[in-house]
Ligand code: MN
């Protein structure tokens, strides 16, 4: 894995091909600057994530991040096709990017990328294997001992995040699987902005902003985290892992 320079702002093209409802592109192949269609109906994740939360989260919250990201790009006269490349290079933006603009790109580029990742790894209950198989299963076994232990480590990261943020499973540059949590809309791929030892390419992410669960779970984040495992699309997480570790 190489840390790429600010490719997206140089006007790179979208990597990852065309989205279809059956096959979303792996995260490491890019996040385009539009709202990808969900691969399921808003009510399809019930009872674990309710339809009203899904609609608001996707159509209002996520759309707002994307709109503000596009506004920031316009303001800076910047071009970007791939939001994932953009956020990976935010530590060293072009000289024309003011600190205020960098902050906006971090918050709203992160918001757009993080939510796109989140939708891509969700699926209606019963549609996915209960856990990873193959190489990711082996890697989790090696790092955490068992899937259940991994889940408890991940849940602890989600619970420990004070206020708004995310929990992640990422692959570090040295190949190690890491569970981390980021504040606000930071992403593990924002190397230099997140701690070095926590920098990696995410393959699984969980939104723990209250807007992700408050309508159904109110202050019971733990219940939301536990329920969420029922709608994780392990097939896609495995594909994310395969792409990242093939480099
Ligand atoms: Mn959210």
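Computed quantities for the displayed model
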| item | result |
| --- | --- |
| Rh by Kirkwood over Cα pairs, then Stokes-Einstein D for region 49-90 at 0.890 mPa s and 25 °C, µm²/s | 210 |
| Burial ordering of 213, 144, fewest other beta-carbon atoms within 10 Å first | 144, 213 |
| The chain: most fluctuating residue of 120, 161, 236 per GNM, C-alpha cutoff 10 Å | 161 |
| Modelled FRET efficiency - R0 30 Å, residue 146 with residue 219, Cβ distances, 0.05 increments | 0.50 |
| Helix axis angle, 134-144 relative to the chain longest principal axis, alpha carbon, degrees | 80 |
| Residue exposure sequence - 112, 62, 211 - by fewest surrounding Cβ within 10 Å | 211, 62, 112 |
| Cα-Cα pairs of region 146-247 separated by more than 20 Å (percent) | 37 |
| Within a Gaussian network of the chain (alpha carbon springs, distance under 10 Å), most fluctuating of 39, 155, 95 | 95 |
| Inter-part distance where region 42-56 and region 169-247 are each reduced to a Cα centre, Å | 20 |
| Average Cα contact separation per residue, the chain, under 8 Å, 6 or more apart, as relative contact order % | 24 |
| Compactness index (Cα Rg / 2.2 N^0.38 Å), region 73-139 | 1.56 |
| Simple label model, 7 Å out from Cα along Cβ direction - residue 162 to residue 92, nm | 3.3 |
| Degrees, to the nearest 10: 110-120 long Cα axis against longest axis of the chain | 40 |
| R0 of 22 Å, Cβ-Cβ distance residue 226-residue 43: FRET efficiency to nearest 0.05 | 0.60 |
| In degrees, nearest ten, helix 234-245 long axis to first principal axis of the chain (Cα) | 50 |
| Region 70-216, relative contact order [Cα under 8 Å, separation at least 6], % | 23 |
| Among 158, 227, 28: highest mean-square fluctuation, GNM of the chain, C-alpha pairs under 10 Å | 227 |
| If the convex hull is drawn through the Cα atoms of the chain, its volume per residue in Å³ | 114 |
| Gain upon complete extension [residue 101, residue 75; 0.36 nm per residue less C-alpha separation] | 8.5 nm |
| Stretchable slack from residue 67 to residue 174, in nm (0.36 nm times residue separation minus alpha-carbon distance) | 35.0 nm |
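Computed from the coordinates by the stated procedures, all read-outs in this text should not be read as laboratory data. Since this is a predicted model, take the numbers as computed values, not measurements. Note that each Cβ is placed from the backbone with ideal geometry, even for glycine, and that neighbours are counted across all protein chains shown.
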